[in-house]
Amino acid sequence: MKKPELLVTPKSVNHIKTLIEAGADAFVIGEQQFGLRLAGEFSVSEVEEATNLIHKANKKVYVAVNAIFHNDRLEALDNYLKEMQRIGVDALIFGDPAVVMAVRELGITIPLHWSPETIATNWFQANYWNERGAKRTVLARELSIDEVIEIKENAKPEIEVQVHGMTCMFQSKRSLLGNYFLYRGEVMQIENRKENKNMFLHDKERKNKYPIYEDLNGTHIFSPNDICLIDELVELFEAGIDVLKFDGVLQTEDYINTVTNCYRQAIDAYFEDGEDAYESIKDELLEKIEEIQPELRPLDTGFIFKETVY
Amino acid sequence: MLQLIENEKIREVVNGKRIITKKPELLAPAGSLEKLKVAVHYGADAVFIGGQEFGLRSNAGNFTIEEMREGVEFAKKYGAVIYVTTNIFAHNENMAGLEEYLQAIEGAGVKGIIVADPLIIETCRRVAPNLEIHLSTQQSLSNWKAVKYWKQEGLHRVVLAREVGAEEMRKMKEEVDIEIEAFVHGAMCIAYSGRCVLSNHMTARDSNRGGCCQSCRWDYDLYETVDGEEKALFDESDAPFAMSPKDLKLIESIPHMIELGIDSLKVEGRMKSIHYVATVISVYRKVIDAYCADPENFKIKKEWLEELDRCANRATASSFFEGEPGYEQQMFGTHASKMKWDFAGLVLDYDQDTKMVTLQQRNYFKTGDTVEFFGPDIESFKFEVGQIWDEKGNEIEVANHPLQIVKFKCERPLFSYNMMRKENI
């Protein structure tokens, strides 16, 4: 059995070095003009620097171009894709079919990963985008374990599953924080806070806290809990899921380092020493994560063991 | 203000007069067979409905295949067509039964389906090739290159994301030869459609399979965290954080939409009442027809705007059509309110000789009430209800039984399907 890839989100070029040591196999980087909800902001020259570093360590680097594009960014997208081709990144993460079109037109040879977040819900779509160049599908986080397994059994492309971190549950093109302050005549409040990513919405009825921030792509609202599957990985391992992703958006470098290392240990234990080895360390790994888990962010298992109705 | 640029491609000289001959389709929602018939009767060129599977709005009245067939037959008499929404993003468990369902829709004479998931697109192409395929707004289609992608994939029409503005639409029309459908009226998603799972997290209801519980309409409190401390970003006197958008209303931008060459103008609201559908469709019908018949002298009438206002339950705004919407296009501290007017009765018959109207009661009214009649074949007028009789000819003072058949005298002629409404006091 092949080890799944451990994919993480660095905050800076320097952070990548630490994460390589912590055991990451692959990295998602990019900038908000083209990519959504990234842990760090990487300019083109930083992508180049990061790529050299990552390739030297024999690891992979993927660049996010998964924004919902409007006409006004298409030209810049073309130039960006050409730069990525020149730099030689290992994959482009996309959701908008405009990227498929641009890649065809420009003769870009970088592989594609299809990641539209909420809408990647069945294996047919995975195969559909595979026929159009996507060698990987990043699954929606709103799926159950049975759905994930069935998709893996029927999908031609590689399957990536998020195993840790928060998930986006809402993206609006509107400036919802800015609008709230403007409505109250407090334009300075948002000017002072624009770059901050420390706000949350309190849902009194559910006692939940939803992180919220604004950037070039609009307003983003996140799940009240962080997914943590560190002690629930066996079914994913057995199913042969190709990639386990830890999304470190809105987390500190220290947190990302520790969690990355915990998943490294879990994967290595299972694939090098067998299921028992994993079983014997998983509670300890969970405790390690719980120790550093921010108070505001309860851990849960996302939708993996939760049923949704409609 | 947007500049109105004349579009030569939609004009022709008819009887010595330059008019617009490429009229956009007026597309109405319908949650039931009755609403479908009303929409068509009040001037819709096309109606979109939901079936019992694969569609969003699991709470909306949804059609059986038999009802679809009846709807198609009814619409055909008016030259109108029916589309069926099959716009869920399927999970594995939803995949079974799709082929039979699409074939049944095709067999019912439906013209096309509105669809987001490539699973349904590809299956439809294979098993029900006579159905047109329209890309749903759930795909958040926001740029011309993606429009071109779906054109190359053989789709007949695309419904744009609600975030697309007029100039973006113009570019899409210039770059790609495909039918474009855009929303002109109704409730809005504040998120990119398809990219919101608030409902999944807050109520375990899957928004992308029809379970949306409209969490975006709720109130929240905004805080910031500074050095681990939570700090409120509101005072008790402030309205709470809200992201509830005002409803879309582009009635005054219809000339722009027509000049842009938009092929279908869509009214949202499969959950709305027949009163709503009738009112909105009749007003948009009048505006489209008036502008196309004489674009140079077109002026929007005050009565039309007032009429449209009668069935509104939220404040309205132009959303993204003219640019990025600001705070004034959201609702803070207020929620949807009751409509200013209630649907009170549906005209079943009118006797020209006795001036007697036969009406099906839809809401409480009584002798002495001032009501308003409206319909596609009359000018709206106000009227004071006199003596009322029940079906058996007994005089009554109050019509208070739902769907009860009553009669009263009205000097001005009425036609079946005309509606009677009453002001909400």
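Quick note: the coordinates plus some simple rules give every number you see, no bench work behind them. Keep in mind it's a predicted model, so treat the numbers as computed, not measured. FYI the Cβ positions are ideal-geometry reconstructions off the backbone, even for glycines, and counts take in every protein chain you see.
Values for this structure:
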read-out: Residue count, region B:366-385 (criterion: touching a residue at least 24 places away in the same chain (Cβ under 8 Å) and assigned to a strand (DSSP E or B)); value: 11
read-out: Verdict on A:MET199 being facing chain B (nearest Cβ under 8 Å), closer than 27 Å to B:GLN329 by Cβ, among the aliphatic types (A, V, I, L, M) and surrounded by fewer than 21 Cβ atoms within 10 Å (Cβ to Cβ); value: yes
read-out: Qualifying residue in region B:329-349 (condition: within 14 Å of chain A (Cβ to nearest Cβ), surrounded by 15 or more Cβ atoms within 10 Å (Cβ to Cβ) and not hydrophobic (A, V, I, L, M, F, W, C)); value: yes
read-out: Options B:GLY55, B:GLY50, B:GLY79: the member that is assigned to a loop (DSSP other than H, G, I, E, B) and touching a strand residue (DSSP E or B) at 6+ places or on another chain (Cβ under 9 Å); value: B:GLY55
read-out: Of residues in region A:125-147 being surrounded by 22 or more Cβ atoms within 10 Å (Cβ to Cβ) and in a helix (DSSP H, G or I), the one farthest from the other protein chains (Cβ to nearest Cβ); value: A:ALA126
read-out: Some residue of region B:59-77 being surrounded by fewer than 20 Cβ atoms within 10 Å (Cβ to Cβ) and within 14 Å of another protein chain (Cβ to nearest Cβ); value: yes
read-out: Residue, nearest to the other protein chains (Cβ to nearest Cβ), within region B:149-161, restricted to residues that are surrounded by fewer than 20 Cβ atoms within 10 Å (Cβ to Cβ) and in a helix (DSSP H, G or I); value: B:GLN152
read-out: Leading residue by the ranking (farthest from the chain's Cα centre (by Cα)) among those in region A:206-227 that are surrounded by fewer than 20 Cβ atoms within 10 Å (Cβ to Cβ) and at the interface with chain B (Cβ under 8 Å from one of its Cβ atoms); value: A:ARG206
read-out: Some residue of region B:99-109 being in contact (Cβ under 8 Å) with a residue 40 or more places away in the chain, surrounded by 19 or more Cβ atoms within 10 Å (Cβ to Cβ) and within 14 Å of chain A (Cβ to nearest Cβ); value: no
read-out: Failed item in (1) under 20 Å from B:CYS196 (Cα atoms); (2) aromatic (Phe, Trp, Tyr); (3) assigned to a helix (DSSP H, G or I), with B:PHE74 passing the rest; value: (1)
read-out: Top-ranked residue in region A:84-100 [being part of a loop (DSSP other than H, G, I, E, B) and either in contact with a strand residue (DSSP E or B) (Cβ under 6 Å, 6 or more places away or on another chain) or away from chain B (no Cβ under 14 Å) (or both); ranked as nearest to A:PHE34 (Cα to Cα)]; value: A:VAL89
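This table checks each residue for (1) in contact with a Lys or Arg (Cβ under 6 Å, 6 or more places away or on another chain); (2) more than 10 Å from chain A (Cβ to nearest Cβ); (3) more than 23 Å from B:ASP117 (Cβ to Cβ); (4) not hydrophobic (A, V, I, L, M, F, W, C).
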site: B:ILE178; (1), (2), (3), (4): yes, yes, no, no
site: B:GLU181; (1), (2), (3), (4): yes, yes, no, yes
site: B:VAL184; (1), (2), (3), (4): no, yes, yes, no
site: B:TYR220; (1), (2), (3), (4): no, no, yes, yes
site: B:VAL226; (1), (2), (3), (4): no, no, yes, no
site: B:ALA242; (1), (2), (3), (4): no, no, yes, no
site: B:PRO245; (1), (2), (3), (4): no, no, yes, yes
site: B:LEU250; (1), (2), (3), (4): no, yes, yes, no
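Yes or no, residue by residue, for (1) away from chain B (no Cβ under 14 Å); (2) in contact (Cβ under 8 Å) with a residue 24 or more places away in the chain; (3) within 18 Å of B:ALA90 (Cβ to Cβ):
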| position | (1), (2), (3) |
| --- | --- |
| A:LYS82 | yes, yes, no |
| A:HIS164 | yes, yes, no |
| A:GLY178 | no, yes, no |
| A:ARG193 | no, no, no |
